[in-house]
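Novice: Handing you a structure now.
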Amino acid sequence: MLKLLNKYAEKLVAHGLCSPGEPLVGGVNDAVIWNRPDPRAAELEKIIAALNINSIVCARPAEPFFSILNEHCHRSGAEFVPEDTETRTFLHSIPVARSMTAAEIVPLLQKRKGCVVEGHGVVAFGTVSPEQAFVVFSSIIFSAFVKFFVDYAYSQYAGTPDLVVAAMLPEVLAAYDTFLPAAARVDLERGVFSEEDAIFRAMAHAGQATVDARMVDSFFGNISYFAGDTVYISQTGSSLDELAGCIDACPLDNSASTGITASSELVAHRDIYLEGGNRAILHGHPKFSVIMSMLCFEPACENRGKCHIKCDRERYVEDIPVIPGEVGTGPRGLSSTLPPAVLGRRGAIVYGHGVFTVGTKDFRDAFANLSKIETLCRESYMRIISGPAPG
Ligand SMILES: [Zn+2]
Ligand SMILES: [Zn+2]
């Protein structure tokens with residue numbers, strides 16, 4: 001258990017979400033054990049006992065995330081509700097505690113998998129493994145970040161720019177630049193690949209590079225490669241930085257049953273390959289792409305208020321289409337919308353969710369496309385907030 005606690009404490013630091021030495025991770029193994037001593041442990045053990053859970057993470061996030069969380073706390077009541085897909089489907093809402101006490105936190109965690117504690121950071125738990133607590137922790141930070149920038153752009157659009165956020169922005173953006181890794185040259189394998197070993201290696205490297213570039217929280221996203229008559233795809237719930245043993249080979253004729261563990265987005269990936277021209281697909285959740293997907297400045301948009309889910313008019317960020325991508329196979333389901341959207345393009349952005357990019361030979365172009373689309377979206381966002389109100 002201690003090994004596992006240390007693994008996730010180290011992962012929070014490695015992903016830039018916390019400063020070294022900060023994360024406090026506890027797990028139940030007969031008694032509760034901790035990755036390090038901390039005065040908050042006693043209060044957290046009361047929470048573990050009351051909820052009958054397996055593990056807990058308590059940590060102050062690194063900047064700019066800590067300031068962003070506290071700002072949400074200042075302006076919300078019992079909870080705040082981001083509208084990105086990750087939160088809607090996974091967290092629903094993010095409750096706020098005002099003190100690091102079991103009395104206040106236990107009732108919140110009876111309803112939700114994690115909460116923000118004003119001035120302290122995030123408390124999140126797992127019922128079977130500390131990995132769950134880690135995933136909740138990073139999801140809360142992701143959603144809070146996206147909401148911060150979406151709300152600000154809309155405040156400006158409404159002609160009433162949020163002056164508190166405006167004053168915070170230079171520091172927040174500078175800290176975010178520090179969070180992003182320096183533009184290291186990523187050496188991904190050159191394709192085309194036909195051997196399974198080469199395919200697995202290329203997928204594992206591309207997954208790791210996407211996490212390292214902070215363009216996805218490791219637990220989300222997916223990746224695939226097409227060779228022969230087989231789609232090689234990451235399993236549902238696999239971590240993109242731990243793909244070894246988590247890649248399924250799914251023959252196009254569906255002769256194997258691996259489609260069950262394969263990513264839920266297998267059908268969308270398969271149909272992209274069936275259209276021809278592509279061999280690699282990469283899916284991540286780069287933050288400014290998600291933010292841009294949720295912003296609609298169409299004055300006459302009939303879906304105003306729902307533009308993070310759909311707009312009645314097609315939207316683009318430059319040449320990149322923003323498309324609906326609901327779960328399931330309906331007309332607005334990802335498997336219907338994504339394949340035509342990426343046909344002849346670098347990729348597409350799904351409302352409130354993330355980016356899918358394609359590569360014709362290997363992951364070098366798919367990765368470069370993901371990175372370029374995120375840069376494009378951040379530049380577009382900065383133009384929007386620094387110019388006169390659009391529309
Ligand atoms: Zn996703
Ligand atoms: Zn709209």
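Novice: Mind checking which aspartates and glutamates have their C-alpha under 12 Å from Lys7, skipping anything on the same chain fewer than 8 residues away?
Specialist: Result set, ordered by chain and number: Glu131.
Novice: Which length gain, in nm to one decimal place, applies between Leu252 and Leu51 when the Cα-Cα distance is subtracted from 0.36 nm times their residue separation?
Specialist: Working: separation 201, 0.36 × 201 = 72.36 nm, distance 4.49 nm.
Separation in residues times 0.36 nm, less the Cα-Cα distance, equals 67.9 nm.
Novice: Further question on the same structure: How do the peptides 94-102, 291-299, 220-228 rank, highest first, by the average count of neighbouring beta carbon atoms within 10 Å per residue?
Specialist: Details: 94-102: 18.2, 291-299: 20.7, 220-228: 23.4.
The most tightly packed comes first, giving 220-228, 291-299, 94-102.
Novice: Still on this structure, I have one more. Using just the helices of the chain, give the 222 nm mean residue ellipticity in deg cm²/dmol: DSSP H runs with n ≥ 4 each add -39,500 (n - 2.57), and the total is spread over all residues, rounded to 500. Don't jump to the answer; show the numbers that get you there.
Specialist: Values: 11 runs with 154 residues, N = 391.
Result for the chain: -12500 deg cm²/dmol, rounded to the nearest 500.
Novice: Could you please tell me the mean projected area of the C-alpha convex hull for the range 2-179, averaged over all directions and given in square nanometres to one decimal?
Specialist: 9.9 nm²
Novice: Okay, moving on. With the dipole of the chain worked out from charges on the C-beta (+1 for Lys and Arg, -1 for Asp and Glu) around the Cα centre, which of Val25, Thr101, Ser238 lies farthest toward the positive end?
Specialist: Thr101
Novice: Two-decimal Rg/Rh of the chain from alpha-carbon positions, Kirkwood Rh? Kindly include the intermediate steps, with their values, before the conclusion.
Specialist: Numbers: Rg = 21.0 Å, Rh = 21.7 Å.
Radius of gyration over Kirkwood radius for the chain works out to 0.97.
Novice: For the range 161-223, take the alpha-carbon Rg, divide it by the Kirkwood Rh, and send me Rg/Rh.
Specialist: Working: Rg = 17.4 Å, Rh = 14.4 Å.
The Rg/Rh ratio comes out at 1.21.
Novice: Placing +1 on the Cβ of each Lys and Arg and -1 on the Cβ of each Asp and Glu in the range 320-373, which of Pro340, Ile373, Thr329 has its Cα farthest towards the positive end of the resulting dipole?
Specialist: About the Cα centre, the residue reaching furthest to the positive side is Ile373.
Novice: Continuing with this model, one more query. When you count, for each residue, the other Cβ atoms within 10 Å and take the mean per peptide, how do 335-344, 281-290, 187-196, 105-114 rank with the highest first? All intermediate terms of the calculation are to be shown ahead of the outcome.
Specialist: Numbers: 335-344: 19.4, 281-290: 26.3, 187-196: 14.1, 105-114: 17.5.
The packing order, highest mean first, is 281-290, 335-344, 105-114, 187-196.
Novice: Can you tell me the dipole magnitude for the range 97-242 around its Cα centre, using point charges on the Cβ only (Lys, Arg +1; Asp, Glu -1), in Debye to the nearest 20? Could you put the intermediate results ahead of the total?
Specialist: Working: 9 positive and 17 negative charges, 111 e Å.
So the magnitude is around 540 debye.
Novice: What are the lysines whose alpha-carbon lies under 25 Å from the alpha-carbon of Lys361, with same-chain residues fewer than 8 places away excluded?
Specialist: Partners found: Lys372.
Novice: Arrange the peptides 137-145, 52-60, 169-177 so that the one whose residues have, on average, the most other Cβ atoms within 10 Å appears first.
Specialist: My ranking of the peptides, most packed first, is 137-145, 52-60, 169-177.
Novice: Still on this structure, please answer the following. Treat every Asp and Glu Cβ in the chain as -1 and every Lys and Arg Cβ as +1, leave all other atoms uncharged, and give the resulting dipole magnitude about the Cα centre to the nearest 20 debye.
Specialist: On the way: 34 positive and 45 negative charges, 100 e Å.
In total the dipole reaches around 480 debye.
Novice: Work out which helices of the chain, taken as complete DSSP H runs, extend at least 27 Å along their axis over the Cα atoms and score a mean Kyte-Doolittle of 0.0 or more, then list them.
Specialist: 130-157
Novice: Using the crude model of +1 on Lys and Arg Cβ and -1 on Asp and Glu Cβ, and no other charge, please compute the dipole size for the range 2-179 relative to its Cα centre, in debye to 20.
Specialist: Rounded to the nearest 20 debye, it is 440 debye.
Novice: Which whole-angstrom value gives the distance between the alpha carbon centres of the range 134-154 and the range 48-94?
Specialist: Value for the Cα centre distance between the two parts: 9 Å.
Novice: Just list whichever of Lys147/Lys310; Lys11/Lys113; Lys3/Lys113 have alpha carbons separated by over 21 Å in the model shown.
Specialist: Values: Lys147/Lys310 17 Å; Lys11/Lys113 19 Å; Lys3/Lys113 23 Å.
Listed pairs above 21 Å: Lys3/Lys113.
Novice: Which cysteines in the chain lack any other cysteine whose Cβ sits under 4.7 Å from their own Cβ?
Specialist: Cys18, Cys58, Cys73, Cys115, Cys246, Cys250, Cys301, Cys311, Cys377
The numbers here are math on the coordinates, done by the rules we state, and not lab data. Everything quoted here is computed from the prediction, not taken from an experiment. Cβ: placed from backbone, ideal geometry, glycine included. Neighbour counts: every protein chain shown.
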